[in-house]
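Written below as structure tokens is the structure these notes are about.
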Ligand SMILES: [Zn+2]
């Protein structure tokens with residue numbers, strides 16, 4: 001079992017993950033509706049070149065081109081019987097680039113096996129049971145493991161059941177697991193999960209993921225706020241992941257583009273670090289140029305002594321949803337209430353202590 005990610009986390013305060021896969025492959029010629037995973041066979045050179053450019057830009061963690069590699073997603077392209085080949089090939093391509101680039105640069109690069117949602121709804125809303133989901137994820141995870149990934153990276157999840165199924169499936173390989181939700185619907189996932197609820201779920205998972213957090217969604221400000229709302233509920237030792245989109249999406253000639261500049265993503269990386277994330281990367285729209293700017297920003301950044309509040313995030317990265325704002329306010333009330341309760345308890349103890357002390361002397 002690879003302990004590369006665990007080791008790097010114990011040696012370094014932060015690690016830089018990579019940027020987008022999908023949007024960068026569109027730039028390289030992928031057509032809307034085509035499965036990016038098929039390019040592992042049709043254009044392995046372009047997948048290699050994307051991984052290499054992320055590693056050259058400074059990524060410590062590079063994700064395989066296997067996001068839609070479960071049998072349920074591959075079914076859309078009538079490739080449901082090729083789960084093994086799709087995922088193993090994706091892992092091998094990424095492994096060879098990471099090892100070659102790592103050797104050239106004299107550092108270790110983690111290969112993370114990307115696992116995205118099945119695209120199916122789970123019972124009682126849809127046809128899939130958690131057990132069936134876990135089996136499909138296990139099939140994908142085993143193939144990624146066979147191709148040599150260091151860690152399984154379950155991302156863009158919105159349902160607690162599906163995330164639990166994915167962790168159960170991934171766990172069959174014995175590899176470490178990282179998992180992230182996408183909070184893209186007014187501060188919640190599409191299925192209604194808040195960042196604070198997500199933290200509770202992550203804490204209850206067996207095996208417990210090595211790191212957890214948020215990815216994708218609706219912009220850097222919203223992503224950092226989700227992480228802010230997570231770290232408010234997290235344990236101090238938790239490793240939190242921030243992998244946000246490159247600004248806000250907009251349509252140009254029928255194609256989604258993202259408005260984030262490298263400067264914005266550099267500031268996003270600093271803020272993600274300040275709010276407590278230790279693994280920081282980009283999602284949709286994040287190019288190697290953005291990753292390079294993020295690397296430089298993180299390397300020269302001294303994290304703020306105090307966690308920034310929401311006003312700072314909005315001021316530097318832009319507006320966030322009302323839902324995310326309310327969660328932050330609630331969490332702050334909760335923290336204030338807890339501090340007050342603690343103070344009151346302290347005062348009560350304080351009153352008792354002199355009396356007890358007096359009796360002892
Ligand atoms: Zn994304």
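The values are calculated or read from the model by the stated rules, or taken from the named source; none is laboratory data. In this text the structure is predicted, and so the values were computed from the model without any measurement. Because the Cβ atoms are built from the backbone with ideal geometry, glycine has one as well, and the counts that use them run over all protein chains shown.
Which residue, of 203, 290, is surrounded by fewer than 22 Cβ atoms within 10 Å (Cβ to Cβ) and modelled with pLDDT of 95 or more?
Working: 290 fails: surrounded by fewer than 22 Cβ atoms within 10 Å (Cβ to Cβ).
Only one candidate qualifies: 203.
Only residues that are within 16 Å of the ligand (Cβ to nearest atom), part of a loop (DSSP other than H, G, I, E, B) and free of Cβ contacts under 8 Å to residues at least 40 places away in the same chain: list them for the stretch 248-274, please.
Within the stretch 248-274, 259 is the sole residue that qualifies.
Only one of (1) over 26 Å from residue 9 (Cα atoms); (2) over 19 Å from the mean Cα position of the chain (by Cα) fails for residue 97. Which number is that?
Every condition holds for residue 97 apart from (1).
Quick check on my filter: what residues within the stretch 49-69 are within 13 Å of residue 24 (Cβ to Cβ) and either surrounded by 24 or more Cβ atoms within 10 Å (Cβ to Cβ) or in contact (Cβ under 8 Å) with a residue 24 or more places away in the chain (or both)?
Step one: filter the stretch 49-69 for residues within 13 Å of residue 24 (Cβ to Cβ), giving 49-54, 57, 59, 62-63, 65, 67.
Hits for the stretch 49-69 are 50, 51, 52, 53, 54, 57, 59, 62, 63, 65, 67.
In the stretch 165-180, how many are in contact (Cβ under 8 Å) with a residue 40 or more places away in the chain and in contact with a strand residue (DSSP E or B) (Cβ under 7 Å, 6 or more places away or on another chain)?
Selection size over the stretch 165-180: 7.
Which residues, taken from the stretch 217-239, are surrounded by fewer than 24 Cβ atoms within 10 Å (Cβ to Cβ) and not in a loop (DSSP other than H, G, I, E, B)? Lay out the reasoning, then the answer.
Pass one, the stretch 217-239, residues surrounded by fewer than 24 Cβ atoms within 10 Å (Cβ to Cβ): 218, 231-239.
Listed by number, the list holds a single entry, 231.
Please list, ordered by residue number, the helices (runs of 4 or more DSSP H) wholly in the stretch 1-109 having 1 or more residues that are under 24 Å from residue 260 (Cβ atoms) and within 16 Å of the ligand (Cβ to nearest atom).
Working: elements: 4-11, 22-27, 39-42, 44-56, 71-74, 83-105.
Because the criterion is at least 1 residues that are under 24 Å from residue 260 (Cβ atoms) and within 16 Å of the ligand (Cβ to nearest atom), the helices (runs of 4 or more DSSP H) in the stretch 1-109 that meet it are 22-27, 44-56.
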